[in-house]
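One structure is given here, and the rest of the page talks about it.
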């Protein structure tokens, strides 16, 4: 069934998160993502890999970790992430970031002092952390506005025959969870 679609560009979100970490001087960036079972996760992973390729950094499978979108799954996967030489982690959802942060806290690690983290969602869970998490945000209000616009056009008979597809760009919300690395770091 062909129908109008309004969605966020998940590949661009993964790219933006990783590119920001690169711009802050990070070169060993882990990705904690649900790519095996989630199309959204696969797109976010593709964005992560595109950002690395774009600046000539290698795609290192040893820095890509699978996690379901549940806190316990991310918590379990975090041990392997933290055993690497990564200076930063792109967590592909806030729930995944929560599992990572729980493990970091138990290990006595600080953010961003020991490791930088960029999350995806920018949900209300952010108020639980100090410093607040830098995150990719998908504004539900913007999504609703565009969806309503598509629906209104259809109801008014102005939608045309072809289904409309609107792809929205997420936003990077910079907070305090990323350390800028210098040449001396």
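Remarks
- Residues that are part of a helix (DSSP H, G or I) and closer than 22 Å to residue 173 by Cβ within the stretch 21-50 comprise 21, 22, 23, 40, 41, 43, 44, 45, 46, 47, 48, 50, listed in sequence order.
- Scan of the stretch 87-118 for residues that are without any contact (Cβ under 8 Å) to a residue 60 or more places away in the chain and assigned to a loop (DSSP other than H, G, I, E, B), ordered by number: 93, 107, 108, 109, 110, 114, 115
- Of the residues in the stretch 63-71, none is surrounded by fewer than 16 Cβ atoms within 10 Å (Cβ to Cβ) and at pLDDT 95 or above.
- Residue 80, sole failed condition from (1) closer than 21 Å to residue 38 by Cβ; (2) touching a helix residue (DSSP H, G or I) at 6+ places or on another chain (Cβ under 6 Å); (3) modelled with pLDDT of 95 or more: (2)
- Residue in the stretch 142-157 that is modelled with the highest pLDDT, counting only those that are closer than 16 Å to residue 168 by Cα and more than 19 Å from the chain's Cα centre (by Cα): 145
- Residue match in the stretch 113-120 (condition: on the phi > 0 side of the Ramachandran plot and surrounded by fewer than 22 Cβ atoms within 10 Å (Cβ to Cβ)): no
- Residue 53 vs. criteria modelled with pLDDT of 95 or more, part of a helix (DSSP H, G or I) and over 15 Å from residue 95 (Cβ atoms): yes
Each row is one residue, and each column tells you yes or no for (1) within 23 Å of residue 173 (Cα to Cα); (2) touching a strand residue (DSSP E or B) at 6+ places or on another chain (Cβ under 7 Å).
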| site | (1), (2) |
| --- | --- |
| 65 | no, yes |
| 79 | no, no |
| 99 | yes, no |
| 110 | yes, no |
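- When residue 39 is tested against (1) under 26 Å from residue 114 (Cα atoms); (2) touching a helix residue (DSSP H, G or I) at 6+ places or on another chain (Cβ under 9 Å), exactly one condition is not met: (1).
The values are calculated or read from the model by the stated rules, or taken from the named source; none is laboratory data. Because the structure is predicted, anything quoted here is derived from the model rather than measured. Cβ: placed from backbone, ideal geometry, glycine included. Neighbour counts: every protein chain shown.
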